Amino acid sequence: MKVLILGTGKTGTTAMVYKVAGGLPNCRAFSGGHPGKDVGDYENAVYKHTYEERKGKSIEVIKEHLNKEHYDRKIWMARDPRDAAVSRMLYRWHRGYDGCKQQFDKHLELVLKKEKNPSSIPFYEICRYTGYDVSPRSIADVIEEESRRYQQMSEFVKGLGSDWFLFTFEDMVTQKFDLLNEYLGFKAQADANVPITSGKSKVIRKKDFGDWRHWFTAEDMELFKPAFLPYMELIGYDCNDWTPDPNPVIEPEFSSVYMQKLPSKVVINKVLSYVDSVAKKLKKR
C-alpha cells in the first residue's frame, strides 16, 4: 500500500507519517523532499509532503505530481490557521540565522516582551520579523502572505475527490482515529512519535491546540479574520469562536526557549545527516 500525507507546514504531517506507517508491516516512511523524490517499489510506504511555495513546492507542483503518481490512500492534514501561524512564527529560525542575527535578536526581543505581558504587543508585530528579508515586513505584507497561503489551500481542498480523507491536527492530538482507520483499512499507531534516528535532532514544541488564544490581541483578530475564515469554514472549524483567553499566559519553554534552541540544532542535524549518509553507503557495500 502507498499512502500520501499532505498539508502545509506545522500541521502535524511529520508526526502522522510515523503514526500511519506504524500500522503497516514492513513499511517505509518518507518525510519531506520534493514530491516524487523517494517513490520506489516497496511493500508498504507512507510519504509526507508539505505545500510551501518558497521551497518550490507550490500547489501546481503538487497537482502535477498527483497526476503522475498513484496513491492508495491520500490524507489532507489541516490545522486551525491561528495555531499554525503561532507555530510557524516560532519555528522561523530552524535553519539558523546566518546573516540575520540582528533580525533574530529583534524577533526574540519581541517574543520575550510578549511573554512578560501578552497584551503588550500584537502578534502581527512579531510576525514582521519572520520574513526572509533582513528588513522588517509591513503589516500588509504579513497579512497578504497568510491570505495567499489559505486562499490557495482552500481552492486545492475544494477540488479534492472522495478518495481523500480530511484529518485535523486537533483530531490527531486527541487521538480521534476511528474514522481515519476505517478509511485506511487498518489501525494507525496513534501513540507513535517521530523517531530520533530519522537523521535529524528534533526540538518538540507543544502537542496541543488553542495556543492562539494567548497570543492574539483584539487587533490581531480583526486583521487575520479575512485571511483565515474561508479556510476555517471549509475545514469545519468554529468561525464564530474568536474568544481570547481572559488570563493569557505564554510559557517561555514553548516560546522564547524553544526559539533559541532551534538554531543550535542546525550543526547537530548536519552531523547526524552526515553520519546517516555514511551509514547508508556502508550498508550498501
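The values are calculated or read from the model by the stated rules, or taken from the named source; none is laboratory data. As the structure is a prediction and not an experimental result, all values here were calculated from the model. Using ideal geometry, Cβ is built from the backbone for each residue, glycine included, and neighbour counts are taken over all protein chains shown.
Observations on the model:
- Extreme residue, nearest to the chain's Cα centre (by Cα), among residues of region 1-12 that are outside any strand (DSSP E or B) and surrounded by 24 or more Cβ atoms within 10 Å (Cβ to Cβ): 11
- Filtered residue count, region 153-196, keeping only those that are over 19 Å from residue 29 (Cα atoms), in contact with a helix residue (DSSP H, G or I) (Cβ under 9 Å, 6 or more places away or on another chain) and of a type in the set (Gly, Ala, Ser): 2
- Candidates in region 93-116 are the residues that are of a type in the set (Lys, Arg) and at pLDDT below 95; of these, the one that is farthest from residue 239 (Cα to Cα) is 101.
- Residue match in region 99-110 (condition: free of Cβ contacts under 8 Å to residues at least 40 places away in the same chain, in a loop (DSSP other than H, G, I, E, B) and farther than 21 Å from residue 170 by Cα): yes
- Within region 56-98, if we keep just the residues that are part of a helix (DSSP H, G or I) and small (Gly, Ala, Ser), the residue that is surrounded by the most Cβ atoms within 10 Å (Cβ to Cβ) turns out to be 85.
- Contact annotation: residue pairs with Cβ atoms under 7 Å, 6 or more positions apart or on different chains, pairing a residue in region 244-255 that is touching a residue at least 24 places away in the same chain (Cβ under 8 Å) with a partner that is hydrophobic (A, V, I, L, M, F, W, C), are 244/216; 250/215; 255/90; 255/111.
- In this structure, residue 61 qualifies as of a type in the set (Val, Ile, Thr) and modelled with pLDDT under 95.
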